[in-house]
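The values are calculated or read from the model by the stated rules, or taken from the named source; none is laboratory data. Remember, predicted model here, so these are calculated numbers, not experimental data. Here Cβ is always computed from backbone atoms with ideal geometry, including for glycine, and neighbour counts include all displayed protein chains. For the accessible areas, the whole protein counts, side chains as well, though only heavy atoms, and no ligand, DNA or RNA atoms are used. Shrake-Rupley method; radii C 1.70, N 1.55, O 1.52, S 1.80 Å.
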Amino acid sequence: MNRRPTLLAALTLTAAAALTLSACGSDDSSKNKDKDKDNGKVAGADTGAGNASSSASAQQAAGRPEIKLPSDLIMTFEGGKTGDAVKDAVLADNAERMRSVNAAIAGTDPEAKALNFYNTGRALEAAAIWVDKFKKADLGITGTIRYYDRTVTLDGSKAASVVFCADESKGYAKDLKTNKPKVTTPSDEDFILYNTRLEKNSDEVWQTTRIVSTAGAKQCLK
């Protein structure tokens, strides 16, 4: 999408899918198709954030890291209740995954605890690269991002896929030196299709293992 500033425009992880503001790094790169990377931990993100609010699910789940977002960043997730307890758990951890990346970018999770908790494998590697690009460019994140049309498909008892859309037309990169958003003209590229794979670990957490993002997807243009 066009939310990123010019200096990040050329920094893509895949030729087919553009990196978006909250894309959290698509892992659809040729170098990753040969084999999965080791599940290494991510170094801490940049620090600095004002008042923050906690995500409700993280507060209620014992043993899970608390995710805080800055007051100028709003992330909304539609369709979290399907009537199926397993699918609802997958959707909940999918949402926390998206929050964890933006918390690392915003600096409200300086040790990237949530990022490591909700990501593993290729998804963790891609998220780390994406967060680092913001850190090196001295950028944060602000605005409103809406996630919708979230569909879960179970693959046995320990794997699932979640396909969903994101409206990032009101989400922006923020210059941390001036504390001002880098506002650009909205376009179809602001509507992103995400295709993710999640696997349940021994702690009953649905970790995202792979994520691919496609900007300007027709099914998300609504």
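Listed values, structure above:
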| read-out | value |
| --- | --- |
| Test result for TYR194, over 19 Å from LEU115 (Cα atoms), in contact with a Ser or Thr (Cβ under 6 Å, 6 or more places away or on another chain) and surrounded by 15 or more Cβ atoms within 10 Å (Cβ to Cβ) | no |
| Qualifying residue in region 190-197 (condition: closer than 24 Å to ASP72 by Cα and assigned to a helix (DSSP H, G or I)) | yes |
| Matching residues in region 91-122 - criterion: being of a type in the set (Val, Ile, Thr) and surrounded by fewer than 24 Cβ atoms within 10 Å (Cβ to Cβ) | THR120 |
| Condition check for TYR147: under 17 Å from the mean Cα position of the chain (by Cα), within 19 Å of THR214 (Cα to Cα), among the aromatic types (Phe, Trp, Tyr) and open to solvent by less than 50 Å² (accessible area, probe 1.4 Å) | yes |
